Structure formats: C-alpha cells, structure tokens
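Asks: Take this structure first; my questions come after.
The values are calculated or read from the model by the stated rules, or taken from the named source; none is laboratory data. For clarity, every value in this text was computed on a predicted model and none was experimentally measured. Please note: Cβ atoms are built from the backbone with ideal geometry, for glycine as well, and neighbour counts cover all protein chains shown. Only protein heavy atoms, including side chains, enter the accessible area calculation; ligands, DNA and RNA are left aside. Shrake-Rupley method; radii C 1.70, N 1.55, O 1.52, S 1.80 Å.
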Amino acid sequence: MSKDRTTHKKRSFIEELTKQQVLEIDACTQCGECLRHCPVQEVSGNLSISPPEKIRMFREFIRATEGLKNWLFGRDVDQKLLEDFTRAVFECTTCGSCSQNCPVGIYTQRLWPVLRKEMVKRGLGPLGQQAEMPAVIEKTGNPYNKPPDQRFSPWFPEGVAISEQADIAYYAGCTGSYEAYPMVRGDVLVLSSIGSPFTTLPPEEEVCCGFPLFITGQHDLLEKLVKRLVNAYQERGVKTLLCSCPCCVNIMVRDWPVFYGKKLPFSIRHITQFVSDALKKGALVITSELNQRVIYHDPCYLSRGVGIMEEPRTILNSIPGITLLEFDRHGLDSRCCGAGGAARKVFQENAMAMGRLTIDEAVSKKADKLILSCPACYEKVNDAMKGHDNQIQIVDIMELLADLIEGCNQ
Amino acid sequence: MRTTGIILIAATYSVYLAFWIRIIWHFIIWYRAANAFKVYPLSSKTSLDMLALIAADLFLFRRLFISNKLLWIGSWTFHLAFVLVLFQHLRFFMDPVPSIIFVMQPIGRAAGYVLPVSLVYIFGLKMIRERQRYVSRLNILVMSLIFLISASGFALKFVARPDLVQVKAFMIGILRFSPEVVPESSLFLFHFLMVLFLLPYLPSHVFTAPFVTIEATKRDEELNILLRD
Ligand code: SF4
Ligand code: SF4
C-alpha cells in the first residue's frame, strides 16, 4: 500500500505559492458561483475538476504537509488524489472566467499556473505533449518543433520594409507565425500601411516568449528566453514592442520584468492599441466599406488578461457599413473558445466543444463573420469548424482590416 | 447535572482552545509560504474611488451582486443577520451591558427572524439551479448547524424560556474562567452545544476573504493601466 503514497512527503505544498495565494486558497467559500462561468464545466459537466474542488483538494495537500496533525503524527498525501488534482488543474484553460466571477475575488487565472508548477516540481505534470515543450523550444525556439528559419517566410508580405533600428518593434509570436499565417500577415500589412518605421528580430532570433512554458508550470527556461529577447530588442533601440498575440502580451507585461530582473527598457502594446491610435490620428484610413454583420470574440488573455476590450471595437466600428454584434458573454465576461492554457493540446474534445459553442452563437446571431484577435483562438476555432454543422467565416481583426485598406498588398 | 456541567465546561474550553490553535496555525502556514512565485508590482496607488469600491466589496458584497443578484440578496442578508444576532447576544457576555447593545436589541431580534429564512432561501436557490449545481458538504453542515442554532434560539424565546439570569451567569463565568452552574434548560444546552459544534467548522474565509477581496479590487484597477502607463 505504501507504494500508493507519494514519495514527495518532504516537499511542502506552499513552496511555490505567494502569501496572497495561501490566503486565496483559504478564502474560497466553496460557493460554486464560478462554475456557472467555467467553459470546461459547460462542456464536460465534471464537477470534480471545478475551481472549488481543485481548491478543496489543494487544501488537503497543504493540510497533509503543513497541518497540525502532520506535525504531531506525520501524514501522507494520497497519490490518487494528487493525480486527480493534476489532471483537473491541467484540464483547465486558465481562461480566468472563474476569477472574474468569484464573489471573493480569488485570482485563479494566476493561481492555476502556480499550482501546475507545483505538480511539475513533483514530477506529476505536465501532461502529454506539453512535457516535450522545453526541449523543443530549446532546440527550435518555438513549441511547435518547426524550423526557426521558416518562422516568417511562408507569410511575410513581400515589399514590406523592415528597419534595422527603430522605436517600434513587432513580435509575431510562435502560434501566429506557424499556425495562423493570415493573422500575422495582416498585422504586418496594417503596420506597414501606417507608415511608421518598425523593426523585427531575424526569424531565428525571435524565439518563444515563454508563455507556453509559464502556463504549463515549466519555468526553468524562462529567464534565458526573456533576457535573450529583451536584450535583442534593446540593441535595436526599441521603445515600444507591439504584438498581436494576447498570451505573449500577457507574459511580456506581467512576467517579463520578473524574469528580466527589472523594469523592461521598452513598453509593451497590443497591436489594436497602436492601430486604433493611428485611426484616430488619421495615419490609417479605411477606404473600403463592409456591409456585413460581424461578431467579435474577446480572447480571455486580452480582455481579462490585460484589459484590452475597447480598442478592437473602436477599430471595427471605424469600418464604414459594418454592423458589430456582441456575444452574450463579452468583454470581461467572455467565454473561452477552448484554446487557452495549453489544454487544447491534451484535452482536444473539450476544446472542440468550446470552439463550437462560439461558432454556434455567432451563427445564431446571424453574423457574416466571426472576428478573432488571438492566434490560438484562430487555430482552435478553425479546427472546431471542421465537420461541424454550423459554418461561419473566421477572420482575424488585422486580416480583415488589411483587406479594407487601399494599398495593402495582399 | 454536575457531571454534565463539568463535561460541558471542559468541552467549551477545548473548543475555544482549538479555535485559537487553528487560527494561529493558519497564520503560521501563511507566514511560512515561500513566496517563490514572484509578482511584478504594478501600481500601489490607492485612490478615493478605489477605497469606495473596496468598502462596497467588503460591506455590500459588490462582486456577488454583479455575478448573481438572486444569491446576493440571500447571502448579504444572511451575513448581516448573522452579525446582528451575534451583536445582540453580546448582552449575555458583558456586565455591565453597554447602552448601544440595548438600543440594538429590536434590530437583533428582527435579524433573528431573517437568519433562518435567508438560509432556507440560499439552500433553495442552490437546489433549483439545474446546471452546474455545486454544493459543498462543509457548507451544508455549516448551514444546517446555523439553522439548528437559530431554530433553537427561537424556541428559547417563544417556547421554553430559560432563566436568563442563570444563562448570563454561566456565560460570563466561562469567559472569566470561573465556571458557574450550567442552566437547567435542555433547550439551552442544545443551543449551546450546536454553537460548540459550529466553531471548529466556522469557515476560515470569514478571516481571509476580506484581504483577498481588497487585492482583487486593486487588481481591477491595475487592469485599466497595465498597457496604458
Ligand atoms: S480558468 Fe476558466 S477553465 Fe479554468 S477553472 Fe476557471 S473558468 Fe474554468
Ligand atoms: S466563486 Fe470563488 S469563492 Fe466561490 S467556489 Fe469559486 S473560487 Fe471559491
């Protein structure tokens, strides 16, 4: 029976946690309010992977290593419970809907990745192909095991000038570069239309931002990746780093300073901020009309993650003729499309079902186009549409914009 | 009666001691957290608006109001009634009784009616929610205990009133560590025992949730400046 017990008795379960997170684990009232907003609950109905259950299980772990009974009599952690917990915490898309709707305000969008890290330290996580990511990123610079020299070549528009040194830099990101070409192509076309000089790193130098490693609790490589990227941009005289991927923007603004060791020498902006500014200043003019109904999906890490909700709507509303529709759950309350938290790589069925909920709502609202602004959403929702009864045209916001701007060479 | 009294008093002190050990232990766990996960500090500005929001979060349960208005009515009423009833009971623990506690007696009595009703309401609401119904066993236990405590409290008021002088002497005796004779009312004993049962299960969120909520309000504010500084 002793084999069923963990061998990690010595390691405490509060080693990875901040003091605030210890309070958060204690503060969950088990009210279950978050369940109504959890997309994984919506498609799986599995209560055992719900936020209060995860927190309850983790409390048990803390009690087992830190509790008074353990101190007096010694106590083991149930291995089965550890495995159940690991699966539950990795099945989550880290969409943050539970944080947003928690009456206590528990920051679960941050808590889950830290609890994942604890499971990684114990050798229980990550799951499936997530475990290969550190080695793959170390070798190729991206989590998809794709050739680094082909990062830009399949999609980078011809004739767009890239400066060696510039105030503005554009970071395309791995998912966009390898899995969502139209999106990053749209970014570059729109940036070039605005006309401010910008720089990018050479394809081999633009390595992963670290988000997939961060979110799966594998933090060992992060400092190296972050320092390499920050130094490379600094050498190019960059003052503002633009990026369209919400997950990259998230780690850049929230965690890069931690791994870099100090404040970043440049500011981070989401591409929609830069583009909506350009529209307001008249540096970018939308010349064509679009007489269509479009619906915009807020990516979790863009809305709940970094608070960008207004700018994409400003851009879409600037398009002459457009009718902008909203999902029932939008803005801070948007529902995850299933692509988040690297869970899509392991829990395919959940991700497909969530993607289809997004498609179905867009179709039921009679939208002509479903507008996305995240490469992971783009990849996953396109995947979910394969073989699905409901079909809709999926477009990235910059891809759409590039189509409507005169002179954008398509 | 003598043995019962000794057992009851011993149980009371054990529960009381266990309560403080629990609080101190939780504090030690919090204190020992290694803070290995580093968070880059964003903004520490606390504006007047933010203070108002924090107050609304803590005293009016603003977050629950936004998330679920039906539950908010029940939950807020329950917590308020609970505090008022506790306040009303202070007259049994204090000698002399401050005038504010006398003034608040009618409100405390009204809260005593509201308390069980709010519990039934919350429970009913959870039961009729068709999808994603989550009810924690601990919450059921706590809610049931509070229900029994308030029901027996009612009975003490309307059915079998104990000798209040005895009750007060007993309570003050316990607080002053010089226990008096246990009141001769089995209903009071039941009421008191249920409170003893409740104490070890009293959810610790009562103490920690306010700190978490304050941080959440600051975080909401940070979200507005994160990419705009
Ligand atoms: S982060 Fe999203 S998927 Fe994960 S538990 Fe919370 S609501 Fe569910
Ligand atoms: S909403 Fe918050 S307090 Fe309620 S169960 Fe979920 S995490 Fe816990």
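Asks: May I ask you to derive the FRET efficiency for A:Q292 and A:L47 from their Cβ-Cβ distance with R0 = 41 Å, giving the value to the nearest 0.05? Before the final figure, lay out the partial values.
Replies: Working: r = 41 Å, r/R0 = 1.00.
FRET efficiency, A:Q292 to A:L47: 0.50.
Asks: Please go through the residue pairs A:K345/B:K38; A:K121/B:K45; A:K239/A:K386; A:K117/A:K386 and name each one whose alpha carbons sit more than 31 Å apart in this structure. All intermediate terms of the calculation are to be shown ahead of the outcome.
Replies: Numbers: A:K345/B:K38 27 Å; A:K121/B:K45 35 Å; A:K239/A:K386 41 Å; A:K117/A:K386 34 Å.
Beyond 31 Å: A:K121/B:K45; A:K239/A:K386; A:K117/A:K386.
Asks: Going by a ≥ b ≥ c, the root eigenvalues of the Cα gyration tensor, does region A:218-261 fall in the rounded group (a/c under 1.5), the prolate group (a/b larger than b/c) or the oblate group? Spell out each step's value before the answer.
Replies: On the way: a/c = 2.03, a/b = 1.17, b/c = 1.74.
Oblate shape, in that a/c is at least 1.5 and b/c is the bigger or equal ratio.
Asks: Of A:V275, A:V22, A:V395, which is the most mobile in a GNM of chain A whose springs link Cα atoms less than 10 angstrom apart?
Replies: A:V22
Asks: Out of A:P312, A:M354, A:V381, whose Cα points farthest toward the positive end of the dipole of region A:286-409 (charges: +1 Lys, Arg; -1 Asp, Glu; placed on Cβ)?
Replies: Checked the options; the winner is A:M354.
Asks: Pull up the cross-link candidates among the aspartates and glutamates for A:K146, meaning alpha carbon to alpha carbon under 15 Å and not fewer than 8 places away within one chain.
Replies: Qualifying aspartates and glutamates at Cα under 15 Å: A:E132, A:E138, A:E179, A:E204, A:E205, A:E206.
Asks: Okay, moving on. Provide the three semi-axes, in whole Å and in decreasing order, of the ellipsoid equivalent to region A:46-128 as defined by the square roots of 5 times the Cα gyration tensor eigenvalues. List each step's numbers first, then the result.
Replies: Numbers: eigenvalues 105, 50, 23 Å².
Whole-Å semi-axes of the equivalent ellipsoid: 23, 16, 11.
Asks: For chain B, report the accessible area per residue in Å² (1.4 Å probe, heavy atoms, rounded to an integer).
Replies: Result: 59 Å² per residue.
Asks: How much mean residue ellipticity at 222 nm does chain A get from its helices, if each DSSP H run of length 4 or more adds -39500 (n - 2.57) and you divide by all residues, to the nearest 500 deg cm²/dmol?
Replies: Values: 20 runs with 189 residues, N = 410.
It lands at -13500 deg cm²/dmol.
Asks: Same structure, new question: For the protein assembly as shown, what percent of Cα pairs sit more than 43 Å apart? Write down the numbers at each step before the final one.
Replies: On the way: 64310 of 203841 pairs.
The share of Cα pairs beyond 43 Å in the protein assembly as shown comes to 32 percent.
Asks: Counting only heavy atoms of the protein chains, get the accessible area per residue of chain A (1.4 Å probe) and round it to a whole Å² value.
Replies: Working: 14960 Å² over 410 residues.
Per residue, chain A has an accessible area of 36 Å².
Asks: If the elastic network links every pair of Cα atoms under 10 Å, which of B:H89, B:H205, B:H79 fluctuates the most in the Gaussian network model of chain B?
Replies: Highest fluctuation of the listed residues: B:H205.
Asks: Given +1 on the Cβ of Lys and Arg, -1 on the Cβ of Asp and Glu, and no further charges, what dipole in debye does the protein assembly as shown carry about its Cα centre, rounded to the nearest 20? Intermediate results must be reported in sequence, preceding the final value.
Replies: Numbers: 70 positive and 62 negative charges, 475 e Å.
Rounded to the nearest 20 debye, it is 2280 debye.
Asks: Is the shape of region A:263-410 best called rounded, prolate or oblate, per the rule: a/c under 1.5 gives rounded, else a/b larger than b/c gives prolate, else oblate, with a ≥ b ≥ c the square roots of the Cα gyration tensor eigenvalues?
Replies: Numbers: a/c = 1.92, a/b = 1.27, b/c = 1.51.
It is oblate, given that a/c is not under 1.5 and a/b is not larger than b/c.
Asks: Under 8 Å for C-alpha pairs, at least 6 residues apart: give me the relative contact order for region B:3-228, rounded to a whole percent. Walk me through the numbers before you get to the answer.
Replies: Details: 148 pairs, mean separation 58.6, N = 226.
So the answer I get is 26 percent.
Asks: On to the next question. Enter the mean number of other protein chain beta carbons within 10 Å of the beta carbon of each residue in A:62-71, as an integer. Intermediate values should be presented prior to the final figure.
Replies: Values: counts 2, 2, 0, 1, 6, 2, 7, 0, 0, 2.
Taking the mean over all residues of the peptide, I get 2.
Asks: For region A:148-249, what % of the accessible area comes from carbon and sulfur atoms, probe 1.4 Å? Intermediate results must be reported in sequence, preceding the final value.
Replies: Values: 1660 of 3470 Å².
Roughly 48 percent of what the probe reaches on region A:148-249 is carbon or sulfur.
Asks: Now, a different point. Leaving out same-chain residues fewer than 8 places away, which aspartates and glutamates sit with a Cα under 14 Å from that of A:K280?
Replies: A:E310, A:E311
Asks: Leaving out same-chain residues fewer than 8 places away, which aspartates and glutamates sit with a Cα under 15 Å from that of A:K365?
Replies: Reachable aspartates and glutamates: A:E326, A:D328.
Asks: Over region A:286-409, what is the relative contact order in whole percent, taking alpha-carbon pairs under 8 Å and six or more residues apart? Kindly include the intermediate steps, with their values, before the conclusion.
Replies: Details: 209 pairs, mean separation 38.6, N = 124.
Computed over region A:286-409, the figure is 31 percent.
Asks: Please tell me the relative contact order of region A:130-276 in percent, rounded to the nearest whole number, where contacts are Cα pairs under 8 Å and at least six residues apart.
Replies: Numbers: 221 pairs, mean separation 38.9, N = 147.
Relative contact order here is 26 percent.
Asks: If you take the accessible area of B alone, add that of A alone, and subtract the area of the pair, what total do you get in Å², probe 1.4 Å, to the nearest 100? Please report the intermediate quantities before stating the final value.
Replies: Numbers: alone 15990 and 17210 Å², together 28460 Å².
Interface area, both chains combined: 4700 Å², rounded to the nearest 100.
Asks: Express the C-alpha Rg of chain B as a ratio against the empirical globular expectation 2.2 N^0.38 Å, rounded to two decimals.
Replies: Against the empirical 2.2 N^0.38 Å value, I get 1.23 for chain B.
Asks: Follow-up. Which of these, A:C28, A:C92, A:C300, has the largest mean-square fluctuation under a Gaussian network model of chain A (Cα springs below 10 Å)?
Replies: Taking springs between Cα atoms under 10 Å, the residue moving most is A:C28.
Asks: Also: Roughly how big is region A:286-409's charge dipole about its Cα centre, with Cβ charges of +1 (Lys, Arg) and -1 (Asp, Glu), in debye to the nearest 20? Could the numbers behind the result be given before it?
Replies: On the way: 13 positive and 18 negative charges, 77 e Å.
Here region A:286-409 has a charge dipole of around 360 debye.
Asks: Name the shape class, rounded, prolate or oblate, that the alpha-carbon gyration tensor gives for region A:230-340, where a ≥ b ≥ c are the square roots of its eigenvalues, rounded holds for a/c under 1.5, and otherwise prolate holds if a/b is larger than b/c and oblate otherwise. Mind showing how you got there, number by number?
Replies: Working: a/c = 3.28, a/b = 1.46, b/c = 2.25.
Taking the square roots of the gyration eigenvalues as a ≥ b ≥ c, region A:230-340 is oblate.
Asks: Placing +1 at every Lys and Arg Cβ and -1 at every Asp and Glu Cβ, with all other atoms neutral, what dipole size does region B:100-229 have around its Cα centre, in debye to the nearest 20? If you can, show how the numbers build up before the last one.
Replies: Details: 13 positive and 9 negative charges, 74 e Å.
Computed about the Cα centre, the dipole is about 360 debye.
Asks: Pick out, from A:N70, A:Q30, A:V89, the residue whose Cα sits farthest towards the positive end of the charge dipole of region A:3-125, with +1 on the Cβ of Lys and Arg and -1 on the Cβ of Asp and Glu.
Replies: A:N70
Asks: Let me confirm one metric for peptide A:186-198, namely the mean number of other chain beta-carbon atoms within 10 Å of its residues' beta-carbons.
Replies: 0
Asks: Right, next: Using the Cα centre of the protein assembly as shown as origin and beta-carbon charges of +1 (Lys, Arg) and -1 (Asp, Glu), tell me which of A:N142, A:A131, B:P98 is placed farthest towards the positive end of the dipole.
Replies: B:P98
Asks: For peptide B:205-215, compute the average count of partner chain beta-carbon atoms within 10 Å of each residue's beta-carbon.
Replies: Values: counts 8, 2, 3, 8, 10, 4, 8, 13, 6, 1, 6.
The mean count of partner-chain Cβ atoms within 10 Å per residue comes to 6.
Asks: Where does each of A:369-376, A:281-288, B:24-31, A:33-40 land if you order them by average Cβ count within 10 Å, highest first? Don't jump to the answer; show the numbers that get you there.
Replies: Details: A:369-376: 27.0, A:281-288: 12.9, B:24-31: 14.4, A:33-40: 23.9.
The most tightly packed comes first, giving A:369-376, A:33-40, B:24-31, A:281-288.
Asks: By per-residue mean of other Cβ atoms within 10 Å, what is the highest-first order of B:92-99, A:380-387, A:146-153?
Replies: Answer by packing, highest mean first, reads A:380-387, A:146-153, B:92-99.
Asks: Another question, then. Which net charge results when you count Lys and Arg as +1 and Asp and Glu as -1 among the other residues whose beta-carbon is under 11 Å from that of A:T216?
Replies: So the environment of A:T216 carries a net charge of +2.
Asks: Helix-only mean residue ellipticity at 222 nm, chain B, DSSP H runs n ≥ 4 weighted -39,500 (n - 2.57), per residue, nearest 500. What is it? Spell out each step's value before the answer.
Replies: Working: 10 runs with 171 residues, N = 229.
Value at 222 nm, helices only: -25000 deg cm²/dmol.
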